[in-house]
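Below you'll find the structure, written out as structure tokens, and then a few comments.
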Amino acid sequence: MLPYRAMLASHGVKQSMSRKGNCFDNAAIESFFGTLKSEYFHLEAPKSIDALELGVDDYVHYYNRERIKLGLRVSVR
């Protein structure tokens with residue numbers, strides 16, 4: 001959207017874009033945001049922007065350091 005792109009440019013933000021119809025460069029972050037919303041935001045909606053910022057910060061720490069990722073587990077026999 002042109003207004004969105006103008007707002008980004010006015011703040012010095014460079015938009016990340018790939019070729020039309022190629023969403024693979026965004027797949028990892030889209031997956032993370034989906035998980036963030038289902039495991040954090042939809043369970044307990046924050047009451048303020050400060051609470052949201054703190055909650056997301058805590059969730060990112062949990063996601064990177066504590067959350068069990070089945071794809072990374074090694075089976076022991």
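The values are calculated or read from the model by the stated rules, or taken from the named source; none is laboratory data. In this text the structure is predicted, and so the values were computed from the model without any measurement. Cβ coordinates were reconstructed from backbone atoms using ideal geometry, including for glycine residues, and neighbour counts include every protein chain displayed.
For segment 1-25, give me each residue that is at pLDDT 90 or above and either touching a Lys or Arg at 6+ places or on another chain (Cβ under 7 Å) or of a type in the set (Gly, Ala, Ser) (or both).
Listed by number, the residues that qualify are Ala6, Ala9, Ser10, Gly12.
If you take the residues in segment 26-77 that are polar (S, T, N, Q) and not in a helix (DSSP H, G or I), which one is modelled with the highest pLDDT?
Step by step, filter segment 26-77, then rank; the result is Ser48.
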